[in-house]
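The values are calculated or read from the model by the stated rules, or taken from the named source; none is laboratory data. From a predicted model like this one, the values you see are computed outputs, not experimental measurements. Positions of Cβ are backbone-derived with ideal geometry, glycine not excepted, and every protein chain shown enters the neighbour counts. Note: accessible area is taken over every heavy atom of the protein model, side chains too, but ligands, DNA and RNA are not part of it. Shrake-Rupley method; radii C 1.70, N 1.55, O 1.52, S 1.80 Å.
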Amino acid sequence: MTLVRRVLSVLLALVLLLGGLLGAIEIVLALLGRDPWLLPRERTTWFREQTWETATIRAILIVAVLVGLGLLVLALKRGRPAAFTLASRADGPVAVTVTASRRGIEHALAQVAREADGVTSAQATVSRRRATVHATSRTRAPDDLRAGIETAVADRLTDLGLVDTLATKVRVTSREKR
Amino acid sequence: MSSRVNAANRADLTVVGLILVAGGAVGLVASFGGFGSDTAADEIFPESLRDLAADSWWFWPALAVVSLLVALVGLKWLLLQMRTDHLGELDLTDDQRDGITTLDASAITRALSGEVEGLPGVVSASGRLRDRGGPRFDLVVDLTRRADVAEIRSQLETQVVPHLRQALDDPGLPVVIQLRPGQNTSRDLS
């Protein structure tokens, strides 16, 4: 999400910079009685003749509202955190913050699930409050397997110091061998 | 990426979004007769505005200035994207009368990374000195799949951080350690 905002910011900044410069240049050229540089005068004349109720103007206004809403969503939406702060140790040094990266946690939890007997593949996703593990197994009793994976995932989160931060959810899909 | 830049981008995108939504919404209300059918049938640039533009010598120059200000806002926003909070060197000067002392941060980060990479369970480490309203050291540590996270954390906090603070002559230097577990399995066998 940060990267998307950054790219959008660069694009909008360029639009403002180039648009502002173009506007100033065209106005100065008009004041000096020179021919326009990039914006044909007919286009601006057309724009001046439009009313609020013309279809084109309504379309432009609708697009403006939609783009604005899109920008608001992108600006205000909280993405998944990049890292989680671990609880301070009682005997830890001052002014030291220890975090665990979200991707690292996902790798670690997926690996723990894969190590369970009968699991052929596993993926983990971690959000602000929950760690979700999807495992695929070849056994017929996924419920039994799920309990084991839940315990292993909880143990790993305890090792990481995040068992109180993240709730766990484990789903097991059975793909029997024929 | 600098967190200050990220926060500024969020704020700027919010402002632009609000302007577009508000302007578009008001325009649509006018378009659909919310301010009266006469307003809906009005030209976007009414005659009064065109008369003002024709009769006032300052109108177009003022508009050109506004246009330049918009360009300046865009330029400032663009330059903001290039800002970094990376600190290349640390100023250790106590009293300028005795001379100016600076420390090249890269030397410290290289030495520190080497120390951290020597710990069992650590694949790689990289450090960076940042300016977050004062110097702060960020350390990223990649761990093997089977690394003992608690033990590594303890060693980092009780050995590595004190060494770092001693080298930088700053016992209270804020340090942020990011652990990245499960990144690599090749060193699990060693």
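Pairs please, first residue from region B:159-170 and away from chain A (no Cβ under 12 Å), second anywhere and open to solvent by 60 Å² or more (accessible area, probe 1.4 Å), Cβ atoms under 8 Å, 6+ apart in sequence or on different chains.
Pairs found: B:ALA167/B:ALA111.
Is it the case that some residue within region A:59-73 is open to solvent by less than 30 Å² (accessible area, probe 1.4 Å), touching a residue at least 60 places away in the same chain (Cβ under 8 Å) and either more than 10 Å from chain B (Cβ to nearest Cβ) or not hydroxyl-bearing (Ser, Thr, Tyr) (or both)?
yes
Residue-by-condition table, conditions (1) touching a helix residue (DSSP H, G or I) at 6+ places or on another chain (Cβ under 7 Å); (2) part of a helix (DSSP H, G or I):
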residue	(1), (2)
A:GLY33	no, no
A:LEU61	yes, yes
A:ALA87	no, no
A:VAL98	yes, no
A:ARG103	no, yes
A:ALA110	no, yes
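So which of B:LEU63, B:LEU78, B:LEU87 is at the interface with chain A (Cβ under 8 Å from one of its Cβ atoms) and under 26 Å from the mean Cα position of the chain (by Cα)?
Criteria check complete, one pass: B:LEU78.
Would you mind finding the one in A:LEU21, A:LEU16, A:LEU3 that is of a type outside the set (Phe, Trp, Tyr), closer than 30 Å to B:ARG10 by Cα, out of contact with any helix residue (DSSP H, G or I) (no Cβ under 6 Å at 6 or more places or on another chain) and within 10 Å of chain B (Cβ to nearest Cβ)?
None of the others qualify; the one that does is A:LEU3.
A:GLY79 is checked against (1) open to solvent by 40 Å² or more (accessible area, probe 1.4 Å); (2) modelled with pLDDT under 90; (3) more than 8 Å from every other protein chain (Cβ to nearest Cβ); (4) farther than 30 Å from A:ALA147 by Cβ and fails just one. What number does that condition carry?
For A:GLY79, the exception is condition (1).
Considering only residues that are within 12 Å of chain B (Cβ to nearest Cβ) and open to solvent by 30 Å² or more (accessible area, probe 1.4 Å), look in region A:105-132 and name the one that is farthest from A:ARG146 (Cα to Cα).
A:HIS107
For B:LEU78, all conditions in the list (1) open to solvent by 40 Å² or more (accessible area, probe 1.4 Å); (2) assigned to a helix (DSSP H, G or I); (3) closer than 19 Å to A:LEU14 by Cα hold save one; what is the number of the exception?
(1)
Can you say whether A:VAL96 is over 30 Å from B:LEU173 (Cα atoms), aliphatic (A, V, I, L, M) and at the interface with chain B (Cβ under 8 Å from one of its Cβ atoms), as far as the supplied structure shows?
No; evaluated as a whole, the condition is false for this residue.
Yes or no: region A:48-59 includes at least one residue that is of a type in the set (Phe, Trp, Tyr), farther than 30 Å from B:LEU75 by Cβ and over 33 Å from the mean Cα position of the chain (by Cα).
Scanning region A:48-59 turns up at least one residue that is of a type in the set (Phe, Trp, Tyr), farther than 30 Å from B:LEU75 by Cβ and over 33 Å from the mean Cα position of the chain (by Cα).
Looking at A:ARG102, A:ARG138, which one is touching a residue at least 24 places away in the same chain (Cβ under 8 Å) and surrounded by 17 or more Cβ atoms within 10 Å (Cβ to Cβ)?
One residue alone meets the criteria, A:ARG102.
Scan A:ARG34, A:ARG43 and give me the residue that is at pLDDT below 90, under 28 Å from B:ALA25 (Cβ atoms) and open to solvent by 60 Å² or more (accessible area, probe 1.4 Å).
A:ARG43
Quick check, is B:ALA105 more than 13 Å from chain A (Cβ to nearest Cβ), under 30 Å from B:ARG165 (Cβ atoms), open to solvent by 40 Å² or more (accessible area, probe 1.4 Å) and of a type outside the set (Val, Ile, Thr)?
Working: more than 13 Å from chain A (Cβ to nearest Cβ): yes; under 30 Å from B:ARG165 (Cβ atoms): yes; open to solvent by 40 Å² or more (accessible area, probe 1.4 Å): no; of a type outside the set (Val, Ile, Thr): yes.
No: the conditions fail for B:ALA105.
Step by step: first the residues of region B:133-149, then only those that are of a type in the set (D, E, K, R) and within 9 Å of B:PRO181 (Cβ to Cβ), then the one that is least open to solvent (accessible area, probe 1.4 Å). Which residue is that?
Applying the filter and picking the extreme gives B:ASP142.
Would it be correct to say that A:VAL94 is in a loop (DSSP other than H, G, I, E, B), within 30 Å of B:VAL149 (Cα to Cα) and of a type in the set (A, V, I, L, M, F, W, C)? Steps first, please.
Details: in a loop (DSSP other than H, G, I, E, B): yes; within 30 Å of B:VAL149 (Cα to Cα): yes; of a type in the set (A, V, I, L, M, F, W, C): yes.
So A:VAL94 fits the description; yes.
Any residue at all in region B:1-22 that's more than 8 Å from chain A (Cβ to nearest Cβ), in contact (Cβ under 8 Å) with a residue 12 or more places away in the chain and touching a Ser or Thr at 6+ places or on another chain (Cβ under 9 Å)?
Within region B:1-22, one or more residues are more than 8 Å from chain A (Cβ to nearest Cβ), in contact (Cβ under 8 Å) with a residue 12 or more places away in the chain and touching a Ser or Thr at 6+ places or on another chain (Cβ under 9 Å).
Helices (runs of 4 or more DSSP H) wholly in region B:98-173 with at least 1 residues that are closer than 24 Å to B:SER3 by Cα - which ones?
Where helices (runs of 4 or more DSSP H) fall fully within region B:98-173 and carry at least 1 residues being closer than 24 Å to B:SER3 by Cα, they are B:105-117, B:161-167.
For the structure I just gave you, tell me whether B:GLY33 is open to solvent by less than 40 Å² (accessible area, probe 1.4 Å) and either assigned to a loop (DSSP other than H, G, I, E, B) or assigned by TED's automatic domain parsing to the domain that holds B:SER106 (or both).
Yes; evaluated as a whole, the condition is true for this residue.
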